[in-house]
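Shown next, in structure tokens, is the structure this report addresses.
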Amino acid sequence: MHILLRGRDIDNIKQLAVYEKHDGFAGMKKALAMTPAEVIDVVKASGLRGRGGAGFPTGVKWSFIPQHEPVKFVTINADESETGTFKDREIMEENPYQLIEGSLICAYAIQAKAVYIYLRGEFWDIGDQLDECIEALREKGFVGKNIMGSGYDCEVYTHLGAGAYICGEESALLNSLEGYLGQPRVRPPFPAQKGGGLYKEATVVNNVETLANVPYIMSEGADAFKAIGTEQSAGNKIYCVSGHVKRSGNYELPMGTTFRELLYDHAGGPLYEDRPFKAMLPSGGSGPIVPLTDEVLDTPMSYEDCANIGTIIGSASIIVMDETVDMTWVASKVTKFFKHESCGKCTPCREGTYWLDKVIDRILDGRGSPDDVKRIADVAENMAGTTLCALGDFAANPIIHTIRHFPDDFAQHVQS
Amino acid sequence: MSDTVTINVDGKDYQVAAGSNLVDAAKWHAGNDIPVFCYHPKMEPVGMCRMCLVELGSPARDRASGEVMRNEDGSPQIRYFPKLQTACTTTVSDGMHVKTNTQEVIDARNDVLEFLLSSHPLDCPICDKGGECPLQNLTMRHGPQSSRMYFEDKQLLEKHYPLGDLIFLDRERCIQCARCVRFQDEVVGDDVLAFHERGRRLQIITNSEPGFDTYFSGNTTDICPVGALTTTDFRFGARPWELNEVPSISPWDAAGENISLSMRLDRDFDGKAVIKRVMPRQNERVNEIWISDKTRFGHHFTRSDDRLRQPMMRTGGALRESNWGAALPALASALQAADGDVAAIAGSSMSNEDLWELRQLVEDLGGSRLGAWMPTQGGAEIASEVGVGFGTNLGQLGRGDAILVIASDLEEEVPIWHLRLKQAQDRGAYLVVANARHTRLEDFAVQGARNDKVVEGDAIRYGAGDAVEAMRNLSADHPAIAERLSGAENLVIVAGAEGLTLSGSQALAQGAANFLIESEHIGRRNNGLLLTLPGANGMGLHYLGFTPAATLDIMANPPKALIVAQAELLDDDPVARSWLSQVETVIYANLFDDGISELADYVMPIQSFAERDGSYVNGERRVQRFYTAQGPIGQSLPAWKLFGGLRQELGAGHLKPSAAAVMLDLSANVDSFTGISYKELAKVKREFPDVGGRDQYYGGTAYTNTGGLGIQIPSASDKRKGRRPRRVGGYEQPSLEENEVLIMPVTRLYNRQRNFRPTLMLEPRILSPFAIVNADDAAAMGISDGDIVEIVAGESRVRVRAAVSEEIAARTVALPRHLTEEAIPLTVTAGRIRMVAEAIAAGG
Amino acid sequence: MAIIGNSKYEERINHHIAKYETKRSAVMPLLYIAQEEYGWVNQDGINEVAQLLNLDPTQVKSIAGFYTMYSEKPKGVYWLQVCTDLPCALQGADDFHAWLKEELGVEEGGTSADGMFTVEHVMCLAACDKAPMLQCNFRYVEDLDQNKMRELLAKWRAEAAASMNGRSAE
Ligand SMILES: Cc1cc2nc3c(=O)[nH]c(=O)nc-3n(C[C@H](O)[C@H](O)[C@H](O)COP(=O)(O)O)c2cc1C
Ligand code: SF4
Ligand code: FES
């Protein structure tokens, strides 16, 4: 059953009339009949956790917003730049009204003045489509003044980024939206606090997929949502599968489905029959890599279970590699990504990503020594935990974990 | 809420100010220098460099009860963050525990330094910052022993990138701390520096036109924690460890910036000590740690070839070089010959000691007229009554306070006040700028430093020459503004003299005083009047009895003998030549010859602030002393010694052995100076932020104040509260005939005054002569922007470029002083303007 | 031309400025407009955006330099950005990218001799299941191979030639 990728089940759900016919805005209507605090309670009770990567409980995040503040904002993180992630794109392309409805419910729950949808720059045509949706909703009285006759006013706007992964980090996103460099801010204050959010006002930042779940939660109830998935990981999740599988693409499945089911039953198993799976990055470039052992394959895809195998589910961008892939090359690819995307604001990340890339190039070139492998492991360790935002940790992961799990792949380059 | 909290640093408890920054608190109270690069106590923390990582914990609280959880021995359980935290972004809280000496912290410091050095050149011996570089210092203390970065992997970047005329950037040295960017943005409010690109390619750029061109740019080279930013003045000029620091005071304006002269023996200067650079010296009440570029770069006059070197006397119609042995007796008898009709005009670069000896000399001879130059702004006596209260610190003004700046272009007149008041507004103070034309501070008043910041401010534009009326009628004309000003917790009014005659400026000062008195903003710290009196010692002139009124009297009724001391009459006043020619004996004591040698009978070389000891009284009435830094130029004498020597020659007392002795005599005889001595003036105490010690905060060692913080003379209202407003005296303003406009002399910071001209590096930034003409007037007179116009007022006739503007009152022409070769009228006057040549077409 | 006072952009500029709480926030959308007008973010565009938003040109330049979708150099008629990030690379994107550069005779980031194509590689574009793929003037072109690409290049060349002729005929 699709809660999010309903575009696959219902033709033209991206048209407002069709969306409305299929329960569109039922959740919003229900929400408007409740007090904002009640809406937050429902979302809390549903167990929904953020789909942007960190898995923070969504209702709890909303409840941090100080109610008495006169100006508040909702910002939707549609920056979707994590390597291997393409789920938010499908939601916005095929089921845009559900995202907008979800964000309006969030806006109502915190009594926000406006919603800003921060799209990665490459999504400009999605932005155009969303702008059309917003206009259609405005004409119906669903956006703008006195939404659905409730007396609540809220604007919805789109904003295009321009090619910077770091703008997916919430405080960098806010800076970028304000017209500053997309570099992370010092926290506290956090976005939910006065002084930390958009224009220094308390702000909720949520991922596209997170908010797209909200209309369902409101219309079907918290329990219905909680019934899906596992104890600590409620609901469906979209898994973006790419790499060496037969059928790459998005799969919306309950949380807690095993990797095996996803990769074999849905994605069709290894791309080439004679080349078994070797490793997987379950959360794009940023999470720890794991060898695709049976133990790993049988692990349920949930926040809690992935911790047991030393990785995270994060945004669930699952990049699969078969046995032909050299993990030194993978480490290099991912390092180049982070070197390119480091915003440069803090020392360990700025210098570390540059340095790591230089040394890995040396190793891949055959000019490296076993010391160089130790060196990059050490440099990566020194980066981890000392940076201003998590990008520094992300950048350390590919080095630390590929070396840990696949030492031979490195050794082969530095032996001769 | 109590004002202090207890924090534990490395096992010891300290009481620290609540709300303070952890880095500052640890340094101040625990003597623990947490190393920093990006953090700077004068700017918002940004947590960029990660050098200040510490272990941080706070008392654990029970989730349910909120009670502090305790160990068996009753001590609170401390819960530490799992990761190291940046101290610079941490505000202290009660019970906070900080560990700065654990292996984890030591490793983290080492790691961050290794990261920084991985792309930093390792050539300290040839770097301008070598020897006073935080990166170097911290590497010695915390850094790795050797580099693990392959040398050929290092990035090669531009080494000599000019950010503007004055500042060069070495891109390889820059550690991306953003201090320079933040200084321009937060402190100056002129965000002409920024980062470009990202990641390891992140670089400082400017894309402004002209480039990095503000009056404060040099400060970035001080706060840059590495040698990435250098000034064209000092660049590769000397090694910091060869320099000898001499405390001094800026000779330029009423702020009295505390400075340090970095001296070195110089081959190009006969092996004598010369000023290699000028650095700020911390005085939180006066200039904090900032100085203007004029103060920093304007020192070249002290060793200019144009300095007067020999005493000269007119014999047989010609001025001939002489020596003191001959000159002093001759001078003495010439003065005596005037039969008591002796007067003096003194400029505001004269020290208190000079003025005291000069005054006594005139009085000994039976004269009484002591003129202050330039006689353009009055009201000093009013400032001595209701001037800013004892202990005032403009750096404390903020939310709830208010500032009115009237008839002044503050950035051009007293840049440091501009900077500090603009910052007060950033902190929430309400800033009102009133003038007949647009000034830069007005921009801040109206829109703030950044377009996304809500600021409190208003601008008032009044008509030609109407400052006094605007002040007097403030409550009637602008009730809302007046109410906010009078209702403010603290109120400072800064009054200038733009568009006013001398009597007008006096009336303005009185009007401002009345507003302060009526709204009860006098006799208290951070309240009261400030005047932008020209020069460094405008208030000193007042306290020693030199007045602009006496100058006007001297001009109207020239004496037989006139001593002109450090006053460039001919440069400043188009009619000086005519009235000076009526003086029988003109005695000219100065650093430069402004052409007066044609008229003078005696030309006496005296010394600049850099060559002798002395003291000035700044606009806030703070007496501050400066010290001898370089040897004398030629046979020049300190002015006090010249005048004291003359008195001795005349048998009226003994020449004092030192400036200190003159000060003792002065303080024994002039009430305002009671209790002031060089010893008292030299006293220092530790100021916050603490920039001295082992220098972990700043990239410069010249900051520690060892020369003294000075002593503020109390105002009359500091001593007895509750003054009554006085009638605003009658004043004259020029009346305009048809076809006439008001010619309003205004000040430009960079100009062609004698003592500024030798600053060749700033010459390109001195504007070619211009005048701001009201747009409607210009249209009516057929004048277009850029046309050459002639401005005629009385004996003054100058040709300048017209700058047509809507931002100036009708029938008003703002004419900057000291840009033209010819003197412009001394104060505001009626005049005519006409077009003489069309603008040179663009590209032509 | 210019973007200030250009009726083509007026409405969009006003829309963007109105959208935010501060003028400064509109710097990114306005930079896109400047890039549209001039083909790249040149100094004129920077100055105009600065003027419209009451910013210092340094600030605008800084923003233009941080984000990769603003080009501070002129580009070919078609700006081809090939994703060579890990997922695409696993599907042969690196080889495809190398082939494309050879086909057009350009270095990384360079423009073909006829001024038609600029080729560079970029990080993940959220199209990992449709590799190899690229962005042509910010328009996604997915599921590529060499044959498809050759056809596209020919088609784009023809389109460009047509519009050139159109222009000279005007
Ligand atoms: C370097 C970095 C990049 C990130 N990129 C994204 C992103 O592209 N999309 C996203 O939704 N969250 C991203 N995040 C997570 C956000 O910071 C934030 O946690 C999220 O938007 C919160 O929304 P959620 O609670 O709905 O997940 C990123 C975080 C980091 C540190
Ligand atoms: S130039 Fe100096 S002050 Fe500016 S960012 Fe670089 S290191 Fe910091
Ligand atoms: S991060 Fe604290 S001093 Fe730089």
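The values are calculated or read from the model by the stated rules, or taken from the named source; none is laboratory data. Nothing here was measured: the structure is a model prediction, and the numbers come from that model. No Cβ is skipped: glycine too gets one built from the backbone with ideal geometry, and neighbour counts run over all protein chains shown. Heavy atoms of the whole protein, side chains included, go into the accessibility calculation; ligands, DNA and RNA do not. Shrake-Rupley method; radii C 1.70, N 1.55, O 1.52, S 1.80 Å.
Between residue B:70 and residue B:241, what is the FRET efficiency for a Förster distance of 35 Å, r being their Cβ-Cβ separation, to the nearest 0.05? Efficiency for this residue pair is about 0.10.
Dividing the convex hull volume of the alpha carbon atoms of the range A:331-414 by its residue count gives 70 Å³ per residue.
You can think of it this way: the chain between residue B:525 and residue B:77 has 156.9 nm of extra reach, that is 0.36 nm per residue less the Cα-Cα gap. Amide hydrogen proximity for residue A:117: with H placed 1.01 Å from N in the peptide plane, the residues at 5 or more positions away or on another chain lying under 5 Å are A:76, A:157, A:158, A:159. Our estimate of slack between residue A:273 and residue A:194, defined as 0.36 nm per intervening residue step minus the Cα-Cα distance, is 22.9 nm.
Dipole magnitude for chain B: about 1820 debye, using +1 per Lys or Arg Cβ and -1 per Asp or Glu Cβ, origin at the Cα centre. Rounded to the nearest 500, the 222 nm mean residue ellipticity of chain B from helices alone is -6500 deg cm²/dmol, with -39,500 (n - 2.57) taken per DSSP H run of at least 4 residues. In this simple spin-label model, placing a label point 7 Å from the Cα along the Cα-to-Cβ direction at both residue B:155 and residue B:738 gives a separation of 7.0 nm. Using a 1.4 Å probe on the protein heavy atoms, what percent of the accessible area of chain A belongs to carbon and sulfur? The computed percentage sits at 50.
Between the Cα long axis of helix B:659-669 and the first principal axis of chain B there is an angle of about 70°, rounded to the nearest 10.
When the charge dipole of the protein assembly as shown is built from unit charges on Cβ atoms (+1 for Lys and Arg, -1 for Asp and Glu) and taken about the Cα centre, the candidate among A:250, B:747, C:89 whose Cα reaches farthest toward its positive end is B:747. Legend: residues A:309, B:840, B:106, C:33, sorted from most to least accessible area (1.4 Å probe; ligands, DNA and RNA excluded), read B:840, B:106, A:309, C:33. What's the center-to-center distance, using Cα atoms, between the range B:157-183 and the range B:229-262 in Å? Computed from Cα coordinates, the inter-centre distance equals 20 Å.
Separation of the range A:292-321 from the range A:26-87 is 25 Å, based on Cα centroids.
The DSSP beta bridges internal to the range C:78-164 are antiparallel in roughly 55% of cases.
Cβ-Cβ distance of residue B:835 and residue C:2, R₀ of 41 Å, FRET efficiency by 1/(1 + (r/R0)^6): the value works out to about 0.85. Under the shape rule built on the C-alpha gyration tensor, where the axes satisfy a ≥ b ≥ c, the range A:6-226 is rounded, since a/c falls short of 1.5. The antiparallel fraction among DSSP beta bridges confined to the protein assembly as shown stands at about 55%. What the Cα atoms of chain B give is an Rg and a Dmax of 28.5, 101 Å.
Given a 1.4 Å probe, show me the residues in the range A:322-339 buried by at least 50 Å² of accessible surface when comparing the whole protein assembly to the chain alone. Residues losing area: A:329, A:333.
Computed from the Cβ-Cβ distance with R0 of 45 Å, the FRET efficiency linking residue B:122 to residue B:270 stands at 0.75. Extending 7 Å from Cα along the Cβ direction at residue A:2 and again at residue B:476 yields two label points whose distance is 7.7 nm. Surface listing: A:277, A:190, A:338 arranged by accessible area from highest to lowest gives A:190, A:277, A:338, probe 1.4 Å. Under the convention that each Lys and Arg Cβ holds +1 and each Asp and Glu Cβ holds -1, the size of the dipole of chain A around its Cα centre is about 960 debye. Distance from the Cα centroid of the range B:266-331 to that of the range C:106-136 is 65 Å (rounded to whole angstrom). Residue separation of residue A:26 and residue A:146 scaled by 0.36 nm, minus their Cα-Cα distance, works out to 41.5 nm of gained length. Between residue B:202 and any residue 5 or more places off or on another chain, the built amide H atoms are never under 5 Å apart. For the range B:126-133, putting each phi into the Karplus relation 6.51 cos²θ - 1.76 cosθ + 1.60 with θ = phi - 60° gives couplings of 9, 9, 4, 8, x, x, 9, 10 Hz, in residue order, rounded to whole numbers and with x for Gly and Pro. Here residue A:378 sits with roughly 60 square angstrom of accessible surface, probe radius 1.4 Å. Non-local amide H neighbours of residue B:79 (under 5 Å, H modeled in plane, Pro and chain starts lacking H): which ones? So residue B:79 has HN proximity to B:58, B:60. Above 57 angstrom, tally the Cα pairs of the protein assembly as shown and express them as a % of all pairs, no decimals. Percentage above 57 Å: 30.
Pairs with C-alpha atoms separated by more than 31 Å, drawn from the list B:272/B:641; A:200/C:130; B:83/C:19; A:140/C:155; A:44/A:339, are A:200/C:130; B:83/C:19; A:140/C:155; A:44/A:339. Whole-Hz Karplus values for the range B:203-213 come out as 9, 7, 9, 10, 10, 9, 10, x, x, 6, 9 Hz, taken residue by residue from phi with 6.51 cos²θ - 1.76 cosθ + 1.60 and θ = phi - 60°; glycine and proline positions read x. Each of A:189, A:137, A:78 was scored by the projection of its Cα onto the charge dipole of the range A:6-226, and the greatest displacement toward the positive side belongs to A:189; charges sit on the C-beta of Lys, Arg, Asp and Glu. Taking every DSSP beta bridge that has both residues in chain C, what percent is antiparallel when rounded to the nearest 5? Counting DSSP beta bridges with both partners in chain C, the antiparallel share is about 55 percent. Taking label points 7 Å from Cα along the Cα-to-Cβ direction, residue A:227 and residue B:232 give a separation of 7.8 nm.
Ordered from largest to smallest accessible area (heavy atoms of protein chains, 1.4 Å probe), the residues B:154, A:21, C:19, B:159 come out as A:21, B:159, B:154, C:19. For chain B, the longest principal axis of the C-alpha atoms and the axis of helix B:415-426 are separated by about 50°. Computed on the Cα trace of the range C:78-164, the radius of gyration divided by the Kirkwood hydrodynamic radius gives Rg/Rh = 0.95. Tell me, rounded to the nearest percent, the portion of alpha carbon pairs in the range A:260-409 spaced more than 25 Å apart. So the portion of pairs separated by more than 25 Å is 29 percent. Seen through its C-alpha gyration tensor, with square-root eigenvalues sorted a ≥ b ≥ c, the range C:7-66 comes out oblate because a/c lies at 1.5 or above while a/b is not bigger than b/c.
Placing +1 on the Cβ of each Lys and Arg and -1 on the Cβ of each Asp and Glu in the protein assembly as shown, which of B:548, A:318, B:559 has its Cα farthest towards the positive end of the resulting dipole? Result: B:559, furthest along the dipole toward the positive end.
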